[in-house]
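Written below as structure tokens is the structure these notes are about.
Just so it is clear, none of the values below were taken in a lab; they were calculated from the coordinates. All values reported here derive from a predicted model rather than from experimental measurement. FYI the Cβ positions are ideal-geometry reconstructions off the backbone, even for glycines, and counts take in every protein chain you see.
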Amino acid sequence: MFDCEDHFSSRELFPVCDCRQCGFRFTNHFPSEESIGKYYDSPGYISHSDSDKGITNKLYRLFRGMMLRRKVRIVKRYTHTREARLLDIGCGTGYFLHTAREAGYRVTGIEKNRMAREKAVSLFGLDLQEDLDHFAQGQSFEVITLWHVLEHLEKLNESIEKIEGMLTADGTLIIALPNHLSYDAGVYGRQWAAYDVPRHLWHFTPKTVEQLTEKHGMKVVKRYRMPLDAFYIALLSESYRGHSSLVRYPKAFLTGVMGFLYSLFDLKKSSSVIYIIKK
């Protein structure tokens, strides 16, 4: 479809392609799992570093608490067991797990990045593993969450299969993903920050998420929009365009507002979507 630049780290170009049969969009020729780590190693990668440098990161941290509480409220709607077991895959520096634990959940997490994992343990004393293979066979959870993580996993189908097997029969899988059919994606095209190549390997829409979950014997039962994501992604996208602060912030705010308004009438215009998935 087009070549997309890694604006965040290397300035390399990566081809973004669509499958001719199903329309699924993906980053082609991405680095291997063994070599991709260097594309994450930056103080600016906030989910790993928890950095507060720069206005964009400060805004992210300002609204994080609001979004964490909303995520836990969504989890509560789909769990009816006190002290339900919750697994957060790609938990970063652990803020969501900490908030969920305070709400009564028995939590554990997976975080591949050593720096983020150590920070989560030091901040919150969390029980974390490096990957899915560290869990005992037959171990199960009432809730499994992936907040903007699935798009990073190289072994997509294998990971979904493992996750499905770790979910209890009446459990809930909750996945948040960028949506490349969104209003802001249309505004920024290949400069849309949520393409985030080569860290984002897969680029989803509501339709392709349904196709993926059905392939693994599960079903999307509910969707929620993530309105604040449009503002954050628009702000990053404006910075990639090289605009000054005087232009960047008002333009990003306008794009975020327009994206939110469009998403009220059509969820497919939402910058990011939360999917509630059941077996």
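Specify the residue with the greatest mean-square fluctuation among SER35, SER263, SER122, computed from a Gaussian network of the chain linking alpha-carbon atoms under 10 Å apart.
Maximum among the listed residues: SER35.
Can you list which of the GluC sites (Glu not before Pro) found in the range 92-177 are DSSP loop residues with at most 12 other C-beta atoms within 10 Å? Write down the numbers at each step before the final one.
Values: sites: GLU102, GLU111, GLU118, GLU130, GLU142, GLU151, GLU154, GLU158, GLU161, GLU164; in loops: GLU111, GLU130, GLU154.
In loop regions of the range 92-177 (DSSP not H, G, I, E or B), the sparsely surrounded GluC sites (Glu not before Pro) are GLU130.
Looking at the chain, send over the antiparallel percent of its DSSP beta bridges, to the nearest 5. Numbers along the way, then the final one.
Numbers: 21 of 37 bridges.
Percent antiparallel among DSSP bridges in the chain is about 55.
Taking a cut-off of 27 Å between Cα atoms, list the lysines near LYS222, but don't count ones fewer than 8 places away on the same chain.
LYS71, LYS76, LYS155, LYS162, LYS207, LYS268, LYS269, LYS278, LYS279
I need the Debye-formula profile for the chain: one equal scatterer per C-alpha, no solvent, reported as log10 I(q)/I(0) at q = 0.12 1/Å, two decimals.
Values, matching the q order: -0.74.
Are there trypsin sites (Lys or Arg not before Pro) in the range 153-230 that DSSP puts in a loop and that have at most 16 other Cβ atoms within 10 Å, and which ones?
Details: sites: LYS155, LYS162, ARG190, ARG199, LYS207, LYS215, LYS219, LYS222, ARG223, ARG225; in loops: LYS155, ARG199.
Filter output for the range 153-230: LYS155.
For every helix of n ≥ 4 consecutive DSSP H residues, a contribution of -39,500 (n - 2.57) applies; sum these over the chain, divide by its total residues, and give [θ] at 222 nm rounded to the nearest 500 deg cm²/dmol. Please list the in-between numbers first.
Details: 9 runs with 108 residues, N = 279.
My calculation for the chain gives -12000 deg cm²/dmol from helical runs alone.
Suppose every K and R has +1 on its Cβ and every D and E has -1 on its Cβ; what is the size of the dipole of the chain about the Cα centre, in Debye to the nearest 20? Intermediate values should be presented prior to the final figure.
Numbers: 39 positive and 33 negative charges, 239 e Å.
My answer is approximately 1140 debye.
What is the distance, in nm, between label points placed 7 Å from the Cα along the Cα-to-Cβ direction at SER10 and at ARG82?
Distance between the two pseudo-spin positions: 5.1 nm.
What ranking of CYS91, CYS22, CYS17 emerges when the number of other C-beta atoms within 10 Å of each C-beta is taken as an exposure proxy, fewest first? Intermediate values should be presented prior to the final figure.
Details: CYS91 29, CYS22 11, CYS17 15.
Exposure proxy ranking, most exposed first: CYS22, CYS17, CYS91.
Between ILE36 and ASP133, what's the calculated FRET efficiency when r is the beta-carbon distance and R0 is 22 Å? Round to 0.05.
On the way: r = 18 Å, r/R0 = 0.82.
Rounded to the nearest 0.05, the efficiency is 0.75.
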